[in-house]
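Colleague: This is the structure, below, for whatever I ask next.
Just so you know, all these numbers are worked out from the coordinates, no wet-lab data involved. Because the structure is predicted, anything quoted here is derived from the model rather than measured. Glycine gets a Cβ as well: all are built from the backbone with ideal geometry, and neighbour counts include every protein chain shown.
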Amino acid sequence: MFIANWKMNGSQSMLVRWLEGVNKTLDKSLQTKCILCPPVCFLSEASKVIKKEKLSISLGAQNIDPSNISPLTGGIDGAMLKELGAEYVVIGHSERRKVFKEENQLLSEKLESASKEDLRVIFCIGESLKEKEEGKTISVLKKQLEILNDAELNNFTVAYEPVWAIGSGETAKLDDIEDIHRQIVDEVRSFKKESFLGVFYGGSVDSSSSRQILSLKGVQGLLIGGASLECEEFCNIVLTNNQN
Ligand code: PGA
């Protein structure tokens with residue numbers, strides 16, 4: 001699977017052009033492997049274009065608010081995201097953990113909000129450079145994963161995104177990615193959740209690195225930020241990884 005995480009970028013016209021490009025470049029079977037997560041304000045337009053042009057790409061939201069906190073000015077819960085056309089939702093992205101101090105308690109409530117509406121969760125985890133240098137990567141990841149144990153979830157994936165690799169042009173070493181993915185899979189499997197679909201990698205992935213990363217054991221998909229904004233580059237990533 002290939003997730004395009006646009007973050008706080010794009011416009012309605014860019015969205016339409018991007019979807020047109022995807023429709024021209026990727027056949028339907030490849031489109032089914034793609035999830036576009038645009039800013040929430042463009043979800044409804046994306047959903048309209050997808051229906052009208054009969055695209056097979058899915059939509060995801062980049063964030064969700066807990067449905068148990070009400071009233072909540074500015075809040076958008078799972079039911080609203082669903083109505084806008086989202087099937088997936090990203091929870092726990094490091095940018096939100098850092099900027100909005102999103103921690104396990106709040107993230108658990110977000111998981112609940114998603115599960116109430118059958119949204120499929122893409123749960124992001126990752127260590128900072130300092131934590132990596134202090135040898136704390138696995139303990140940090142386990143702490144972040146902990147809340148999945150108690151959550152009732154529909155189909156979900158974990159996205160491993162080392163914080164120092166996001167938007168930096170640096171990707172983790174291939175051996176490290178494989179080893180860390182294996183440990184994440186073991187940890188989540190120990191929670192005995194049948195709805196666990198695997199671990200994705202993210203952090204400065206582009207068409208020059210995607211093939212090698214996706215060929216690693218335990219890497220089920222890619223979460224792509226900056227490189228997903230250009231339709232051509234995003235499609236190249238999808239196409240390159242499907243060549244034999
Ligand atoms: P990046 O972002 O590909 O620009 O590093 C990935 C992400 O934050 O999801």
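Colleague: Scanning for something surrounded by 14 or more Cβ atoms within 10 Å (Cβ to Cβ) and within 22 Å of residue 133 (Cα to Cα), does region 190-201 turn up at least one residue?
Modeller: Yes - at least one qualifying residue is present in region 190-201.
Colleague: Shifting gears a bit: So which of 159, 172, 151 is surrounded by 15 or more Cβ atoms within 10 Å (Cβ to Cβ), in contact with a Gly (Cβ under 8 Å, 6 or more places away or on another chain), more than 19 Å from residue 7 (Cβ to Cβ) and not β-branched (Val, Ile, Thr)?
Modeller: None of the others qualify; the one that does is 172.
Colleague: Do you know which residues across region 111-136 are among the polar types (S, T, N, Q) and surrounded by 21 or more Cβ atoms within 10 Å (Cβ to Cβ)?
Modeller: Residue satisfying the conditions is 113 alone.
Colleague: On to the next question. Being aliphatic (A, V, I, L, M) and without any contact (Cβ under 8 Å) to a residue 40 or more places away in the chain is the filter here, so list the residues in region 62-73 that pass it.
Modeller: Within region 62-73, just 72 meets the criteria.
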